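Contents: one structure, followed by commentary.
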Amino acid sequence: MRKELEKNYDPSQFEDRIYKSWCDSNYFAPDPDRTKPAYSIVIPPPNVTGQLHMGHALDQTLQDILIRTKRMQGYSTLWVPGTDHAGIATQIKVEENLRVNEGLTRYDLGRDKFLERVWDWKNKFGDRIISQLKKLGSSCDWSRERFTMDEGCSRAVREVFVNLYNKGLIYRGHRIINWCPHCLTALSDAEVEYKEMPGNFWHIKYPIKGEDGFVEIATTRPETMFGDTAVAVNPNDENTKHLIGKTLILPIVGREIPVIADDYVEIGFGTGCVKITPAHDPNDFLVGQRHNLEQIKVMNDDATMNSYAGKYEGLDRYVCRKALVSELLEKGYLVKTAEHTHNVGVCYRCGTTVEPLTSDQWFVKMKPLAKPAIEAVENGSVRFVPERFSKNYFNWMNNILDWCISRQLWWGHRIPAFYCESCSHMEVSKEDICVCPKCGGRMRQDEDVLDTWFSSALWPFSTMGWPDNTEDLKRYYPTSTLVTGYDIITFWVSRMIFSGIEHTGKKPFSTVLIHGLVRDAQGRKMSKSLGNGIDPLKIIESYGADALRFALATGNAPGNDMRFSDEKIEAARNFANKLWNASRFVLMNLTEDDGTLLGIDFSDANLAVEDKWIISEYNRLIKTVTDNIDNFEIGVALSEIYSFTWDKLCDWYIEMVKSRIFESGTESALCAKRVLVYVLTGVLKLLHPYMPFITEEIYQALPHTAESIMISDYPLYDEKKIFAKDEENVNRIIACITAIRSRRSEMNVPPSKKAKLYVVTKYKDAFLATEKILMKLASASELILLDEYTSDDAVMIATDLGSLYIPLAEVIDFEKEKARLGAEMKKNDAEIERLEKKLNNAGFVAKAPTEVVEAERAKLQKYLETRESLTVALNKLK
RNA sequence: GGAAGGUUAGCUCAGUUGGGAGAGCAUCUGCCUUACAAGCAGAGGGUCAUAGGUUCGAGCCCUAUACUUUCCACCA
């Protein structure tokens with residue numbers, strides 16, 4: 001029994017129901033048929049405690065469009081879902097919660113108790129994001145849902161860590177790293193953002209030992225002078241050369257430091273003399289290494305000063321800075337203070353200014369890993385869409401430094417390194433080690449955890465069971481397409497590429513489809529602090545998931561940011577409504593015995609010219625949509641479906657066949673109905689990947705062969721279903737009807753007023769084939785085909801079909817009509833002149849492709865015909 | 001400092017190998033025409049940022065300039 005469609009389109013009535021039916025039917029699981037080609041995607045795992053935002057919605061929509069298309073096209077599709085533990089972000093959230101609700105810190109609870117709390121949190125909110133993804137219609141295989149800290153992924157992490165360590169690609173070292181004094185952890189270079197901030201250049205005198213003079217240095221961070229272990233000058237700088245080798249006395253501190261030569265110092269910048277603080281500046285650190293300088297750390301982990309700062313010990317770095325500057329001023333060491341804006345690194349999670357400092361951390365040696373990963377993109381094995389983002393990638397990968405992977409957090413994968421408490425022997429191992437293999441002493445595991453992105457980097461294969469060579473891995477890895485935003489190319493995409501190549505010997509995916517950010521209606525980034533975020537769930541509630549998906553998938557080019565506005569979502573909803581109503585029309589006219597009439601035979605001689613027209617147009621649509629999807633031009637494909645559905649199917653075809661359909665019982669009516677069902681079903685299929693719910697709801701109400709539209713066959717382009725001649729004829733009539741309507745409207749003829757229509761045409765076939773349509777849609781009371789129209793009481797309309805005359809004597813102002821025709825003639829003549837000039841241009845005719853020249857000739861022909869008609873009409877008015 | 005985008009209708013944006021510019025929204029004029037007023041039929045509105053160049057032909061390719069966004073680098 002067929003279902004009826006409700007009178008009004010109300011997605012909330014069916015979206016959840018349909019989603020459940022898909023799940024119950026297990027349609028999201030990959031087809032086990034081994035003969036089908038594989039197509040796979042892994043989800044960019046959202047933060048486990050995060051809330052769905054527009055970025056997710058866009059990301060999900062694009063992936064689902066690809067997956068659903070491929071599934072219908074006969075691929076065995078796998079879309080692996082899951083979530084990320086998001087180390088710092090989650091830990092901060094739980095700590096904040098703990099502080100607000102219980103006034104406790106994580107240290108009050110201790111590591112184990114605290115981690116229990118985080119797991120509680122994860123279990124409580126971990127399902128929320130997943131259920132939100134489902135609201136969007138995502139066709140992920142939920143039975144394969146993964147979490148970066150589940151057993152399998154954790155095993156992969158250990159495997160990778162140990163392998164890299166054994167290859168010498170992971171090492172522990174004392175290096176300068178980015179330290180967040182708020183999160184109390186090291187950060188990788190990628191996790192530091194730079195913000196422009198106003199600051200000062202303080203010029204300070206460093207007295208020269210044994211002389212009266214001094215050296216003037218300029219610094220933006222005077223408080224680090226407690227850690228100065230040299231002053232550097234450029235050996236080629238004539239102005240400062242003489243200082244090399246001298247000894248300086250640090251003001252206030254009194255410690256002696258040397259003047260060294262290093263070409264890191266830029267000649268002509270500042271005073272030419274640079275204080276060197278190896279423990280608190282990345283560049284100074286390198287200078288220190290070159291010159292064997294001592295590293296003096298002057299701050300504690302929370303960015304308060306330590307004992308090296310003498311009486312400033314315990315003060316915050318900025319409080320210290322202020323006090324120190326006053327003291328320097330008092331004592332005459334401060335030469336001047338200049339304003340200076342500079343970029344300051346801040347923690348990407350909490351925004352605190354990071355402190356570069358030396359510390360013992362774990363690193364991944366990047367150069368050897370980066371090389372094959374760069375090559376993979378260079379040789380096209382991994383392809384970015386749009387292509388320009390590969391430049392982004394190269395820029396990062398070519399300049400990459402070693403990756404600091406240890407974090408002083410509790411939430412994350414604990415580093416599998418074990419230290420002996422007795423003999424300090426260290427072992428790195430996949431299994432826990434309790435007893436020292438050297439001395440039998442007790443081993444304790446490294447306190448630190450790994451950077452969240454360390455596990456994300458393994459996501460494409462860890463989710464498929466690696467390091468075991470599972471069936472999934474064999475069948476679905478490497479994955480086909482990765483869909484993500486350009487903002488995490490460095491964080492995530494690049495790391496997946498080198499990890500995949502290193503650990504599986506294969507690239508993790510073939511294509512990286514990059515999308516932009518979803519911004520608010522004013523173009524601002526959506527953010528919590530601005531409070532301008534738009535909640536996708538609210539949008540779904542009031543407009544439906546299909547409308548949201550439509551709004552996100554259309555109207556912007558790949559990789560570009562897009563603005564989300566009410567207008568856009570309303571337009572999307574209106575389209576859904578249009579489709580809904582058109583479908584209702586089709587269904588209303590579907591008599592019971594039509595129910596089996598699918599798969600219409602197109603050799604059927606009963607097909608009217610307009611039937612062939614819409615079938616041809618539909619067939620062309622299939623090609624356009626398929627081609628565009630193949631090129632990842634998802635938005636273009638969708639707008640093609642949109643304009644076909646609205647402009648061709650609804651505005652023309654349905655209007656054209658209405659009168660036929662109402663002649664019930666005739667073969668002609670039946671035929672139109674068959675075509676309607678055929679074309680509508682086809683459009684629904686093409687549209688299904690974009691708007692899965694509404695298309696399914698309508699599909700179920702139509703006569704259908706597949707259980708669900710989502711597992712039905714995707715339409716295929718068929719050259720035999722292009723009826724070029726009929727298309728041409730119908731297009732002529734369409735142009736004709738439009739011209740008539742336009743003239744009537746100009747002349748304020750009410751739509752209800754019908755008028756005789758005289759037609760003078762050399763396209764008699766086209767006219768005869770479409771007579772009825774012309775009559776109805778052009779509001780004609782009678783059609784009269786003539787060889788020549790002789791009276792002068794009619795409005796003449798020059799069209800592609802020929803000259804049309806509407807006798808509307810009472811509304812014609814002859815002078816006005818003459819003027820109008822004259823103006824039209826002038827415009828027409830201008831076109832003729834332009835085309836003749838072009839066609840008389842020997843260069844054009846010789847060099848342009850013949851089809852272009854032919855097209856121009858045809859146009860000229862048309863304008864010449866129009867001139868004839870206009871001339872006749874004008875002569876009559878004289 | 002390096003790099004990549006953007007500049008097209010009043011607004012937001014498309015424009016896929018170069019062949020006389022499109023959509024949605026907004027505006028104006030008519031319509032409750034038996035699927036749809038979340039609709040129908042018409043209409044107006046653009047020196048495609050500027051200046052050069054290549055070409056028979058440039059919104060599209062090249063060079064320069066202006067304004068703008070983003071990424072990377074950089075706390076002397």
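The values are calculated or read from the model by the stated rules, or taken from the named source; none is laboratory data. Since the structure is predicted, the reported quantities are computational estimates derived from the model, not experimental observations. Positions of Cβ are backbone-derived with ideal geometry, glycine not excepted, and every protein chain shown enters the neighbour counts. Accessible surface areas use protein heavy atoms only, side chains included; no ligands, DNA or RNA. Shrake-Rupley method; radii C 1.70, N 1.55, O 1.52, S 1.80 Å.
Can you pull out every residue in the range A:366-386 that is within 13 Å of A:Phe509 (Cα to Cα), open to solvent by 20 Å² or more (accessible area, probe 1.4 Å) and of a type outside the set (S, T, N, Q)?
The initial filter retains those residues of the range A:366-386 that are within 13 Å of A:Phe509 (Cα to Cα), namely A:373, A:376-377, A:380-385.
Those left that are additionally open to solvent by 20 Å² or more (accessible area, probe 1.4 Å): A:380-381, A:383.
Correct list: A:Gly380, A:Arg383.
Any residue at all in the range A:237-258 that is under 40 Å from the mean Cα position of the chain (by Cα) and more than 13 Å from RNA strand B (Cβ to nearest atom)?
Initial filter on the range A:237-258 (under 40 Å from the mean Cα position of the chain (by Cα)): none.
So far as the range A:237-258 goes, no, none of its residues is under 40 Å from the mean Cα position of the chain (by Cα) and more than 13 Å from RNA strand B (Cβ to nearest atom).
I'd like to check something: does the range A:353-365 contain any residue that is away from RNA strand B (no atom under 14 Å from the Cβ), aliphatic (A, V, I, L, M) and surrounded by fewer than 19 Cβ atoms within 10 Å (Cβ to Cβ)?
no
Kindly evaluate A:His174 against the criterion of being outside any strand (DSSP E or B), open to solvent by 10 Å² or more (accessible area, probe 1.4 Å) and touching a Ser or Thr at 6+ places or on another chain (Cβ under 8 Å). Step through it out loud before you land on a result.
Details: outside any strand (DSSP E or B): no; open to solvent by 10 Å² or more (accessible area, probe 1.4 Å): yes; touching a Ser or Thr at 6+ places or on another chain (Cβ under 8 Å): yes.
Considered against the rule, which asks whether it is outside any strand (DSSP E or B), open to solvent by 10 Å² or more (accessible area, probe 1.4 Å) and touching a Ser or Thr at 6+ places or on another chain (Cβ under 8 Å), A:His174 comes out as no.
Can you name the helices (runs of 4 or more DSSP H) wholly within the range A:768-878 that have at least 3 residues being open to solvent by less than 50 Å² (accessible area, probe 1.4 Å)?
Numbers: elements: A:814-840, A:842-847, A:850-877.
Fully inside the range A:768-878 and qualifying: A:814-840, A:850-877.
Scan the range A:727-749 for residues that are closer than 26 Å to A:Lys612 by Cα, open to solvent by less than 60 Å² (accessible area, probe 1.4 Å) and either of a type in the set (D, E, K, R) or in contact with a Phe, Trp or Tyr (Cβ under 7 Å, 6 or more places away or on another chain) (or both) and report the count.
Qualifying residue count, the range A:727-749: 4.
Assess whether A:Leu777 counts as being within 16 Å of RNA strand B (Cβ to nearest atom) and in contact (Cβ under 8 Å) with a residue 24 or more places away in the chain.
Details: within 16 Å of RNA strand B (Cβ to nearest atom): yes; in contact (Cβ under 8 Å) with a residue 24 or more places away in the chain: yes.
Answer is yes for this residue.
Just a yes or no: is a residue in the range A:200-214 open to solvent by less than 10 Å² (accessible area, probe 1.4 Å), without any contact (Cβ under 8 Å) to a residue 60 or more places away in the chain and closer than 21 Å to A:Arg290 by Cβ?
No - not one qualifying residue is present in the range A:200-214.
This table checks each residue for (1) at pLDDT 95 or above; (2) more than 25 Å from A:Ser462 (Cβ to Cβ).
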{"site": "A:Tyr9", "(1), (2)": "no, yes"}
{"site": "A:Tyr39", "(1), (2)": "yes, no"}
{"site": "A:Thr49", "(1), (2)": "no, no"}
{"site": "A:Leu52", "(1), (2)": "no, no"}
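Could you grab me the full set of residues in the range A:483-529 that are within 19 Å of the chain's Cα centre (by Cα), more than 22 Å from A:Pro81 (Cα to Cα) and among the acidic types (Asp, Glu)?
If the condition is that a residue be within 19 Å of the chain's Cα centre (by Cα), more than 22 Å from A:Pro81 (Cα to Cα) and among the acidic types (Asp, Glu), then A:Asp520 is the only one that fits.
Could you tell me which residue of the range A:505-518 is nearest to A:Phe632 (Cα to Cα), considering only residues that are in contact with a Phe, Trp or Tyr (Cβ under 8 Å, 6 or more places away or on another chain) and in a strand (DSSP E or B)?
Here the answer is A:Leu513.
Only helices (runs of 4 or more DSSP H) wholly contained in the range A:416-504 count here; list those with 2 or more residues that are more than 16 Å from RNA strand B (Cβ to nearest atom) and surrounded by 22 or more Cβ atoms within 10 Å (Cβ to Cβ). Walk me through it before giving the result.
On the way: elements: A:452-456, A:459-462, A:471-476, A:494-504.
Fully inside the range A:416-504 and qualifying: A:452-456, A:459-462, A:494-504.
With the condition being away from RNA strand B (no atom under 12 Å from the Cβ), I'd like the helices (runs of 4 or more DSSP H) fully within the range A:639-758 carrying at least 3 qualifying residues.
Details: elements: A:655-662, A:667-687, A:692-701, A:724-746.
Correct list: A:667-687, A:692-701, A:724-746.
Of all residues in the range A:535-577, count the ones that are within 6 Å of RNA strand B (Cβ to nearest atom) and either in contact with a His (Cβ under 8 Å, 6 or more places away or on another chain) or not in a helix (DSSP H, G or I) (or both). Reasoning before the result, please.
Filtering the range A:535-577 for residues within 6 Å of RNA strand B (Cβ to nearest atom) gives A:555-557, A:560, A:563, A:567, A:571, A:573-574, A:577.
So of that shortlist, the ones also either in contact with a His (Cβ under 8 Å, 6 or more places away or on another chain) or not in a helix (DSSP H, G or I) (or both) come out as A:555-557, A:560, A:563.
Counting residues in the range A:535-577 that are within 6 Å of RNA strand B (Cβ to nearest atom) and either in contact with a His (Cβ under 8 Å, 6 or more places away or on another chain) or not in a helix (DSSP H, G or I) (or both) gives 5.
Under the condition of being surrounded by 11 or more Cβ atoms within 10 Å (Cβ to Cβ) and over 16 Å from A:Ala706 (Cβ atoms), which residue from the range A:18-33 is nearest to RNA strand B (Cβ to nearest atom)? Spell out how you get there, then give the answer.
First, pick out the residues of the range A:18-33 that are surrounded by 11 or more Cβ atoms within 10 Å (Cβ to Cβ): A:18-23, A:25, A:27-31.
Now restrict to residues that are over 16 Å from A:Ala706 (Cβ atoms): A:19-20, A:23, A:29-30.
Values: A:Tyr19: 20, A:Lys20: 23, A:Cys23: 26, A:Ala29: 33, A:Pro30: 30 Å.
The qualifying residue nearest to RNA strand B (Cβ to nearest atom) is A:Tyr19.
Would you please name the residue that is nearest to RNA strand B (Cβ to nearest atom), looking only at residues in the range A:183-198 that are open to solvent by 20 Å² or more (accessible area, probe 1.4 Å) and part of a strand (DSSP E or B)? If you could, list the steps in order and put the result at the bottom.
Here is the first cut: in the range A:183-198, the residues open to solvent by 20 Å² or more (accessible area, probe 1.4 Å) are A:184, A:189, A:193-198.
Of the ones still in play, those that are also part of a strand (DSSP E or B) are A:193-198.
Details: A:Glu193: 6, A:Tyr194: 3, A:Lys195: 8, A:Glu196: 8, A:Met197: 8, A:Pro198: 11 Å.
Of everything passing the filter in the range A:183-198, A:Tyr194 is nearest to RNA strand B (Cβ to nearest atom).
One residue is enough: does the range A:604-624 have a residue meeting the conditions within 11 Å of RNA strand B (Cβ to nearest atom), under 29 Å from the mean Cα position of the chain (by Cα), at pLDDT below 95 and in a helix (DSSP H, G or I)?
Filtering the range A:604-624 for residues within 11 Å of RNA strand B (Cβ to nearest atom) gives A:624.
Subsequent filtering for residues that are under 29 Å from the mean Cα position of the chain (by Cα) retains A:624.
Next cut, at pLDDT below 95 only: A:624.
Right, trim to in a helix (DSSP H, G or I) and you get A:624.
Yes, some residue in the range A:604-624 is within 11 Å of RNA strand B (Cβ to nearest atom), under 29 Å from the mean Cα position of the chain (by Cα), at pLDDT below 95 and in a helix (DSSP H, G or I).
Before we move on, is A:Lys528 under 20 Å from A:Met562 (Cα atoms) and either open to solvent by less than 50 Å² (accessible area, probe 1.4 Å) or away from RNA strand B (no atom under 16 Å from the Cβ) (or both)?
It is true that A:Lys528 is under 20 Å from A:Met562 (Cα atoms) and either open to solvent by less than 50 Å² (accessible area, probe 1.4 Å) or away from RNA strand B (no atom under 16 Å from the Cβ) (or both).
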